[in-house]
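Asks: Quick one: the structure is below, questions incoming.
The values are calculated or read from the model by the stated rules, or taken from the named source; none is laboratory data. From a predicted model like this one, the values you see are computed outputs, not experimental measurements. SASA here: full protein model, heavy atoms, side chains in, ligands and nucleic acids out. Shrake-Rupley method; radii C 1.70, N 1.55, O 1.52, S 1.80 Å.
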Amino acid sequence: MADPEYRVANLVDTRWFWLADAMAAAVAVLMVLFVRHRVRRWNQRRIQDTNQRRRP
């Protein structure tokens, strides 16, 4: 009787661990994309500022 219950609990545990890994990977990818987007926008703004400053 204890064997199937243990197997089900193990399956649920592995599923939870897989879900946590997938969520962590998704959060990391979203953070990388968000940071790259912000850096790109900030670099564009900085380049525009330097261009405006360069022009008298």
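Asks: If you wrap a convex hull around the Cα atoms of the chain, how much volume per residue is inside, in Å³?
Replies: Enclosed volume per residue, from the Cα hull, is 26 Å³.
Asks: Something else: So with the 1.4 Å probe, I'd like the accessible area per residue for the chain, rounded to whole Å².
Replies: About 105 Å² of surface per residue is accessible.
Asks: At a 1.4 Å probe radius, carbon and sulfur cover how many percent of the accessible area of region 1-40?
Replies: That share works out to 73 percent.
Asks: Before rounding to the nearest 500, sum -39500 (n - 2.57) across all DSSP H runs of length at least 4 in the chain and divide by the residue total; then give [θ] at 222 nm in deg cm²/dmol.
Replies: One gets -35500 deg cm²/dmol as the mean residue ellipticity at 222 nm.
Asks: Between helix 2-54 and the chain, what is the angle of the helix's C-alpha long axis to the longest principal axis, kept within 0 to 90° and rounded to the nearest 10?
Replies: It works out to around 0 degrees.
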